[in-house]
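Please read the structure below before turning to the comments.
The values are calculated or read from the model by the stated rules, or taken from the named source; none is laboratory data. Quantities reported herein were computed from a predicted structural model and do not represent experimental measurements. All Cβ positions, glycine included, derive from the backbone under ideal geometry; neighbour counts span all protein chains shown.
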Ligand code: UD1
């Protein structure tokens, strides 16, 4: 049974790592890996392949950056001949990036079974490009694997036949649990002169936050106060760096001694940085899940989340981008570090294995 697995952008790599590992161990599945090249910088891509032992891609489509239409269309154009040549039994896509919907569309139009891992998540905010990718991908998928109960419910509400939907747990957490010991050995804290619990970690890259200088400015107003209290380590996404350089906000950031910009961190270093942080501030989806398992307070600088289990069972709070609200949540959350939380159902390191078993049964 040949399955083409698609990975394109940074958050896909930790998911595909767990799946390639489980498929590699399965006797029934022959995995073939396609990298679309949506992310291409060494620190956004190759570093993750090396650290997570992901096999080198069988094909790299090398699409690079572009507008949503250009990037999506270019991935489709380049993926179609690969699919025709490989003639797989199924195509598997993960997450919600442009590579996910682009390859999904090509597969279904050629009549190839489409599998979506991390199906059913909904922020109910259609201004997010990822929300459109999620809705569209789920609508055309044959087999849908959910990471949390809300995904199963959302798909049922949208009328998806329950026979094609499976709650399997979280493949990103498979990778976290597998690599936690290795990450503990990272020297990043020493390299940056940090002590455990003595700093905050920050990531920001959502267009709604960093492309709009008013919103980005409001977030910086809060960071200005926090960095006087706790140093903030900020591995900066290329998109965010570009926006800082192109506006006055860059100068404001330079004026904050406690806000330390570093290059995008590798997987193991970032896992270590999160694990030992007093608090994490982010607009990422995956980090809400990772901090849930690590038991580290997380402030999500967005108005909504497509991962509600991280707030119900985890340490995550949806804070938005209002300066005062961020500061109030920050002060409140500082008191809560070290609380033990019950992991969400099936976030036990075996999600990819479950997917391999179900696929073996269903596609045979
Ligand atoms: C994409 C995903 C987003 C995910 C994020 C993680 C979509 C719609 N968005 O957003 O869901 O959370 O990845 O990073 O798929 N760039 C580089 N080097 C790279 C990649 C990008 O410099 O290796 C720069 C380019 O200027 C590019 C910009 O970053 O134009 C944005 O990249 P893009 O892939 O379009 O979207 P992300 O913001 O990374």
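Looking at (1) within 14 Å of the ligand (Cβ to nearest atom); (2) surrounded by 18 or more Cβ atoms within 10 Å (Cβ to Cβ); (3) part of a helix (DSSP H, G or I), which is the one condition that is false for residue 179? Of the numbered conditions (1) within 14 Å of the ligand (Cβ to nearest atom); (2) surrounded by 18 or more Cβ atoms within 10 Å (Cβ to Cβ); (3) part of a helix (DSSP H, G or I), the odd one out for residue 179 is (1). Note on region 254-265: residues that are without any contact (Cβ under 8 Å) to a residue 60 or more places away in the chain and crowded, with 20+ Cβ neighbours inside 10 Å total 1.
Per-residue answers, yes or no, for (1) outside any helix (DSSP H, G or I); (2) within 16 Å of the ligand (Cβ to nearest atom):
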site: 100; (1), (2): no, yes
site: 107; (1), (2): no, no
site: 115; (1), (2): yes, no
site: 121; (1), (2): yes, yes
site: 132; (1), (2): no, yes
site: 137; (1), (2): no, yes
site: 152; (1), (2): no, no
site: 163; (1), (2): no, no
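The residue that is farthest from residue 211 (Cα to Cα), among those in region 234-248 that are buried (at least 18 other Cβ atoms within 10 Å of the Cβ) and touching a helix residue (DSSP H, G or I) at 6+ places or on another chain (Cβ under 6 Å), is 244.
Here's the yes/no breakdown for (1) within 26 Å of residue 284 (Cα to Cα); (2) outside any helix (DSSP H, G or I); (3) out of contact with any strand residue (DSSP E or B) (no Cβ under 7 Å at 6 or more places or on another chain); (4) modelled with pLDDT under 95:
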site: 5; (1), (2), (3), (4): yes, yes, no, no
site: 12; (1), (2), (3), (4): yes, no, no, no
site: 23; (1), (2), (3), (4): no, no, no, no
site: 31; (1), (2), (3), (4): no, yes, no, no
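The single condition among (1) within 16 Å of the ligand (Cβ to nearest atom); (2) touching a residue at least 40 places away in the same chain (Cβ under 8 Å); (3) under 20 Å from residue 321 (Cβ atoms) that residue 244 does not satisfy is (2).
When both residues are 6+ apart or on different chains and their Cβ atoms are under 7 Å apart, which pairs have a first residue that lies in region 98-126 and is without any contact (Cβ under 8 Å) to a residue 24 or more places away in the chain, and a second that is in a helix (DSSP H, G or I) and within 13 Å of the ligand (Cβ to nearest atom)? Close Cβ pairs satisfying both conditions: 126/132.
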